[in-house]
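Peer 1: I am attaching a structure below and will ask some questions about it afterwards.
The values are calculated or read from the model by the stated rules, or taken from the named source; none is laboratory data. Here the structure is a predicted model, which is why all the values come from computation and not from measurement. Quick reminder, even Gly has a Cβ in these numbers, built from the backbone with ideal geometry, and neighbours come from all protein chains shown. To get the accessible areas, we keep the full protein, side chains included, count just its heavy atoms, and leave off ligands, DNA and RNA. Shrake-Rupley method; radii C 1.70, N 1.55, O 1.52, S 1.80 Å.
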Amino acid sequence: MIDDLRFSKDYYHGCEGEEEVIISLDSNPLFNIHLWIGYLDDILNNPDLSGIGWNGFTRDYHQLEGAFSTKTDMCRVYSTQEYLEDLLQYKERNFDYPETK
């Protein structure tokens, strides 16, 4: 799977006109992912509410912080490990869109 993301990957094609999220590496801007916000919403919708706290994408997405702050169009993420670990908690979830997985 990670080999598929070695360079630019487009999960936005066909969603033009909708909100787009671009994730890229400062060290190698050729490594980037363009995705429709609907796929990210599909992943982060209905987060764990057990009280253990939110991290990474979940926290920033639902609390409009970091990468999803309304104060800027671009955000630098310093703890990529936190973001990756957060996304991994959703890997077994059933999604509304087959493309989300």
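Peer 1: Restricting to the stretch 1-22, name every residue that is modelled with pLDDT of 85 or more, open to solvent by less than 90 Å² (accessible area, probe 1.4 Å) and either part of a loop (DSSP other than H, G, I, E, B) or under 15 Å from V77 (Cα atoms) (or both).
Peer 2: Those that are modelled with pLDDT of 85 or more, open to solvent by less than 90 Å² (accessible area, probe 1.4 Å) and either part of a loop (DSSP other than H, G, I, E, B) or under 15 Å from V77 (Cα atoms) (or both): Y12, G14, C15, G17, V21.
Peer 1: Let me ask another. Give the stretch 43-81 a look and list any residue that's acidic (D, E), open to solvent by less than 80 Å² (accessible area, probe 1.4 Å) and closer than 21 Å to S24 by Cβ, or say none.
Peer 2: Within the stretch 43-81, D60, E65 qualify.
Peer 1: Mind counting the residues in the stretch 48-101 that are at positive phi and out of contact with any Leu (no Cβ under 9 Å at 6 or more places or on another chain)?
Peer 2: 4
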